[in-house]
1. Give the residues of the range 51-64 that are farther than 25 Å from ALA120 by Cβ and open to solvent by less than 30 Å² (accessible area, probe 1.4 Å), sorted by residue number.
2. Does the range 149-157 include one or more residues that are out of contact with any strand residue (DSSP E or B) (no Cβ under 9 Å at 6 or more places or on another chain) and open to solvent by less than 70 Å² (accessible area, probe 1.4 Å)?
3. Scan the range 127-148 and report the pairs whose first residue is surrounded by fewer than 16 Cβ atoms within 10 Å (Cβ to Cβ) and whose second residue is outside any helix (DSSP H, G or I), with Cβ atoms within less than 6 Å and a gap of 6+ or a chain change.
4. Only one residue in THR190, THR219 is among the polar types (S, T, N, Q), out of contact with any Ser or Thr (no Cβ under 7 Å at 6 or more places or on another chain) and surrounded by fewer than 16 Cβ atoms within 10 Å (Cβ to Cβ). Which one?
Amino acid sequence: MAKIDRNNIEDARMVFEKLLPDESTRMKLIEFLSDAISYADILNSQKWNLNLDKNGNFIRFNTGHEYCIQIYKNELLILCDRTTLKPIIANYEIPVKYRGHIGRERVHSDDIDKVPDCLAKTKNSIGCLLPLDQAEKYLDFFKSSNKDFIREAIKTYQMPQMRAAHSRGAVEYLAEIYSDNVSQPIYELTDLPTLNEFIEDEKSEIEKARKLNHKQRQTRLKKSDPKPKKTIVSQTVFIRNPYVVAEVLERANGNCERCNEKAPFLKDTDESPYLEVHHKIPLAEGGDDTVENAIGLCPNCHRHAHYGTKTY
């Protein structure tokens, strides 16, 4: 096979069909892979990539620094969180072999408890090897635990060379075959930093400032420009359902649904009670935009929900 053009959708189609010749298995894996990518994109659109091997020998989905799903000719490797996977598979006979690492040495076993973590940077990571001819039957057992792994792995640093290996063509293929909700990582669309990156940098600078004593901060304040600088960032946002917001606010009837106090003020625009609609399971963590998953909160309780989760 000639060298693969990672940005060509037809080359991507050829690789997927070569590695996954059975159409039913291919469609099941495309669904599994697309759902994992969509979840990672929600968590942090800057820190994932889909890599087609230039020789067409594998497809690899990476989150942060870590590989997450790898598809080979006869085998599938799925990274999971062992703590959440164990109770799911406990009562089933699944033809899976587990992989861990001691340094660079691979350790394999049929017993999930007899292998070490697979990836050193992600605690409780376990590699799960499935024969491709069994993947369609058993993939769903690994879906939620794979997302648990993604949630931790995406916090790790992603090297520039991983982004450079991203295949636009493969993502376009998935969008065509499965869902147009599968989109490119944001670094493929813009060079601007994301809002999340800006906020994290700002938090880091504030923490450094708080470690200084009063005199040191006063010295720096005297040298500071009182007019703040501006910057431009990119942001991925959810298009929320307005009917969910309207229903939740009507249900709340002007009272915070957590502390039960009246809304703190009336809005200038229409003199309606000011409450904020919060998702119990955040949209960024895969939560649904539904009335059942939403609650009307006063601003204080809403901030508590986001910044004081241990006591909320």
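The values are calculated or read from the model by the stated rules, or taken from the named source; none is laboratory data. All values reported here derive from a predicted model rather than from experimental measurement. So basically every Cβ, Gly included, is an ideal-geometry build from the backbone, and we count neighbours across all protein chains shown. Keep in mind that these areas ignore ligands, DNA and RNA; they rest on the heavy atoms of the full protein, side chains included. Shrake-Rupley method; radii C 1.70, N 1.55, O 1.52, S 1.80 Å.
1. Matches in the range 51-64: LEU52, GLY56.
2. Checked against the condition, which is being out of contact with any strand residue (DSSP E or B) (no Cβ under 9 Å at 6 or more places or on another chain) and open to solvent by less than 70 Å² (accessible area, probe 1.4 Å), the range 149-157 yields no hits at all.
3. That search, which allows pairs on different chains as well, returns GLN134/PRO95.
4. Of THR190, THR219, the one residue that is among the polar types (S, T, N, Q), out of contact with any Ser or Thr (no Cβ under 7 Å at 6 or more places or on another chain) and surrounded by fewer than 16 Cβ atoms within 10 Å (Cβ to Cβ) is THR219.
The rows are residues; the columns are (1) of a type in the set (Lys, Arg); (2) modelled with pLDDT under 90; (3) open to solvent by less than 40 Å² (accessible area, probe 1.4 Å).
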position	(1), (2), (3)
MET162	no, no, yes
SER167	no, no, yes
VAL171	no, no, yes
ALA175	no, no, yes
THR194	no, yes, yes
GLU197	no, yes, no
SER204	no, no, no
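Residue-wise test of (1) modelled with pLDDT of 95 or more; (2) in contact with a strand residue (DSSP E or B) (Cβ under 9 Å, 6 or more places away or on another chain); (3) open to solvent by 20 Å² or more (accessible area, probe 1.4 Å); (4) acidic (Asp, Glu).
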position: ALA2; (1), (2), (3), (4): no, no, yes, no
position: GLU10; (1), (2), (3), (4): yes, no, yes, yes
position: ILE42; (1), (2), (3), (4): no, no, yes, no
position: SER45; (1), (2), (3), (4): no, yes, no, no
position: ASN49; (1), (2), (3), (4): yes, yes, no, no
position: GLU66; (1), (2), (3), (4): yes, yes, no, yes
position: TYR72; (1), (2), (3), (4): yes, yes, yes, no
position: ILE78; (1), (2), (3), (4): yes, yes, no, no
position: LEU85; (1), (2), (3), (4): yes, yes, no, no
